[in-house]
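Presented below is the structure to which this report refers.
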Amino acid sequence: MRYILLITFFLNTIFIANAQTFDYSSSSETPPVLKSVAPFPIGAAVGIKHMRNNPRYRNLVKEQFNSITAENVMKFKAVHPSEHVFKFDNADEIIAFAEENNMRVHGHTLLWAMSNPAWVRSYQGDKTAWKNLLKTHIQTVVKHFKGKVRSWDVVNEAFTDGGGLKKSIWLQKIGPEYIELAFRYAHEADPDALLFYNDYGQEYVGKKMYAILNMIKDFKKRGVPIHGLGMQMHIPVRLSDAKIQQAMKVAAGSGLLIHLSELEISVKHQMPKPFMMNEQLSRQQAEKYKTVFRAYSSIPKKQQFGITTWNVGDADSYRNSKGRNHDHPMMFDTQYRPKPAFKAVIDALKQP
Ligand code: 9MR
């Protein structure tokens, strides 16, 4: 087994080094620019360390994208580390970069149970105190970024795959109303901001997606401010084209802005082990990227908020953050060279 793993590692490494990029330098074509070809914004989730320390990463973001989401530095834990302390320096750095380069900033995220800081987890108080805590957090953050961040993932990942509400301290202390309160507080703090609900797994068009759509319907009926639906799209290459197309259509049926907010296409997820990268998978991934961009292009123009990939190159994808996972989910390789997926997306965007 050990030998098989070693050989797999070796072959994967060779594949990454040699076969995976689309080599524009050997053709007469100059590399196209995603943001110039796309009729809607093209975003990247960016990590603050890569932005600071890796000029190649920063230049690629500048060159190819016109929208930015902070991968981590706007989360609750990052901006509100203790009850009376707000810390915006890292996030402000991202904003300054975006302003310099004429890019949109999409805010991620005002409320996500997975990014609660320790002080929130041990906070003591009655329901009113918890509502105040939520209000203070949301309104301080939204007001700080007012005019700079014009859209927010207000609540992230609140639903289970079965369509219920996930257990969280917010649900426990405030009740199901916490979601609509979050939207109301955000709207009060910046009435011009576009407010999104953001979640993963909707591309399977199952109970989770319908629960989200029911919530949206209910919000619209009762005047709770909501403007957009974020479909994260952390998808495996094996997901069928038909599902992707169906998911876009059903999402668009909500009438809201649709943001493919965290796109990446894993070639490894759900594959038999030991996993080995190969050209066929690389081609399949390119085709899948094409399908996603084509399906998105088919929803009404006025609902196209944009497509954001979750990070930039294969090496910095969160899927590879825990050691040597060797997934290859992005449009750029570990050296930030365009892969066949990049070329496929350009082709998809150029199609009428
Ligand atoms: O990519 C992010 C990773 O660096 C963080 O450690 C993690 C926890 O904060 O969040 C990751 O981003 C998640 C995003 O915020 C919400 N959807 C799922 C993303 C991947 O886990």
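So here's what we get for this one:
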{"quantity": "Odd one out for Tyr197, checked against (1) farther than 19 Å from Glu287 by Cα; (2) of a type in the set (Phe, Trp, Tyr); (3) away from the ligand (no atom under 14 Å from the Cβ)", "calculated": "(3)"}
{"quantity": "Scan of segment 334-352 for residues that are charged (D, E, K, R) and part of a loop (DSSP other than H, G, I, E, B), ordered by number", "calculated": "Arg337, Lys339"}
{"quantity": "Selection within segment 203-244 - within 16 Å of the ligand (Cβ to nearest atom), out of contact with any Gly (no Cβ under 7 Å at 6 or more places or on another chain) and charged (D, E, K, R)", "calculated": "Glu203"}
{"quantity": "Failed criterion for Ser151 (all others in (1) touching a residue at least 40 places away in the same chain (Cβ under 8 Å); (2) open to solvent by 10 Å² or more (accessible area, probe 1.4 Å); (3) of a type in the set (Ser, Thr, Tyr) hold)", "calculated": "(2)"}
{"quantity": "Residue match in segment 104-112 (condition: out of contact with any His (no Cβ under 9 Å at 6 or more places or on another chain) and either surrounded by fewer than 15 Cβ atoms within 10 Å (Cβ to Cβ) or in a helix (DSSP H, G or I) (or both))", "calculated": "no"}
{"quantity": "Residue match in segment 59-69 (condition: among the polar types (S, T, N, Q), open to solvent by less than 80 Å² (accessible area, probe 1.4 Å) and within 14 Å of the ligand (Cβ to nearest atom))", "calculated": "yes"}
{"quantity": "Any hit, segment 170-191, residues being among the hydroxyl-bearing types (Ser, Thr, Tyr) and open to solvent by less than 20 Å² (accessible area, probe 1.4 Å)", "calculated": "yes"}
{"quantity": "Residue count for segment 249-272, restricted to those that are away from the ligand (no atom under 16 Å from the Cβ) and not polar (S, T, N, Q)", "calculated": "12"}
{"quantity": "Candidate set: segment 29-39, residues that are in contact with a Leu (Cβ under 9 Å, 6 or more places away or on another chain) and either under 20 Å from Trp152 (Cβ atoms) or part of a helix (DSSP H, G or I) (or both); chosen: the one least open to solvent (accessible area, probe 1.4 Å)", "calculated": "Leu34"}
{"quantity": "For Tyr57: the one exception among (1) in a helix (DSSP H, G or I); (2) touching a Lys or Arg at 6+ places or on another chain (Cβ under 7 Å)", "calculated": "(2)"}
{"quantity": "Any hit, segment 45-53, residues being modelled with pLDDT of 95 or more and among the charged types (D, E, K, R)", "calculated": "yes"}
{"quantity": "Looking only at segment 76-92, and only at residues there that are within 16 Å of the ligand (Cβ to nearest atom) and part of a helix (DSSP H, G or I), the one that is farthest from Val149 (Cα to Cα)", "calculated": "Lys77"}
{"quantity": "Among (1) among the β-branched types (Val, Ile, Thr); (2) away from the ligand (no atom under 16 Å from the Cβ); (3) open to solvent by 10 Å² or more (accessible area, probe 1.4 Å); (4) free of Cβ contacts under 8 Å to residues at least 60 places away in the same chain - the single one Ile138 does not satisfy", "calculated": "(3)"}
{"quantity": "Some residue of segment 117-134 being crowded, with 21+ Cβ neighbours inside 10 Å and outside any helix (DSSP H, G or I)", "calculated": "no"}
{"quantity": "Qualifying positions in segment 100-135 - away from the ligand (no atom under 16 Å from the Cβ) and within 14 Å of Ala70 (Cα to Cα)", "calculated": "Met103, Arg104"}
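The values are calculated or read from the model by the stated rules, or taken from the named source; none is laboratory data. Note that the coordinates shown come from a computational prediction; the quantities given were computed from them, not determined experimentally. Cβ: placed from backbone, ideal geometry, glycine included. Neighbour counts: every protein chain shown. Side chains included, ligands, DNA and RNA excluded: accessible areas come from the protein's heavy atoms. Shrake-Rupley method; radii C 1.70, N 1.55, O 1.52, S 1.80 Å.
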